[in-house]
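Structure, as structure tokens:
The values are calculated or read from the model by the stated rules, or taken from the named source; none is laboratory data. All figures in this text were calculated on a predicted structure; none of them were measured in a lab. Every residue, glycine among them, receives a Cβ derived from its backbone with ideal geometry; neighbour counts consider all protein chains shown.
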Amino acid sequence: MNTNIRKYLSALFLFCAVNAIPLAASADLFEQFGVSRPRTSKPAPDFALKDVNGQTISLSQLKGKPILLNFWATWCGACKEEMPSMQRLHEAAKNNGGFHVIAISIDRSNFKKVDQYVKTLNLKFPVLLDPDRTVRKSYFIRGLPTSYLIDAEGKLRGFVSGARNWDSPGSVELMKSLN
């Protein structure tokens, strides 16, 4: 075999081996957290909702960083259980390359209760209001809590049904893998 071809194949093999490790690690993290992956890659449905302070936030304005998008309600016990770990994940984002944590409340009309919930748990990430449940419907939410993982390009990478411990080192790595 020609020396140049041998060097090229060696370099190609090394490139493939080095770049496959992050993919394998990412797949393991997805499995570890019980993330269901979509069959085809598609953009996350865009939306614009008001937060508890009345400020409008759209999904498209957050493009460029991975997003953990969580659907919840004040009456959901499992939601309340996972919210503190989501806050710690949000805090970890500042030191780990940056990603967004966004929660969407599907409570229909008791916005004061949602605001009190946010204050009681000292949540610093955006908590948006979806009283008409239009965004919930566009994401096909059937149970709570449900979280979607959206990559930096705005594409759906997977979803998780049920509460998770979002502040583990593995969850930080999972979010970073979406860059």
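Does Lys65 satisfy being surrounded by 14 or more Cβ atoms within 10 Å (Cβ to Cβ), assigned by TED's automatic domain parsing to the domain that holds Leu149, charged (D, E, K, R) and at pLDDT 70 or above?
When the stated conditions are applied, Lys65 passes them.
Residue under question is Ile150, and the condition is that it be at pLDDT 95 or above and under 15 Å from Asp51 (Cβ atoms); does it hold? In short, no.
Would the stretch 82-89 turn up any residue that is assigned to a helix (DSSP H, G or I), closer than 24 Å to Gly154 by Cβ and in contact with a His (Cβ under 9 Å, 6 or more places away or on another chain)? Checked the stretch 82-89: no residue is assigned to a helix (DSSP H, G or I), closer than 24 Å to Gly154 by Cβ and in contact with a His (Cβ under 9 Å, 6 or more places away or on another chain).
Identify all residues within the stretch 142-154 that are closer than 18 Å to Phe33 by Cβ and in contact (Cβ under 8 Å) with a residue 40 or more places away in the chain; write none if there are none. Selection gives Leu144, Pro145, Thr146, Ser147, Tyr148, Leu149, Ile150, Asp151. The residue list Pro145, Pro84, Pro126 contains one member that is at pLDDT 95 or above, surrounded by fewer than 20 Cβ atoms within 10 Å (Cβ to Cβ) and within 14 Å of the chain's Cα centre (by Cα), which is Pro126.
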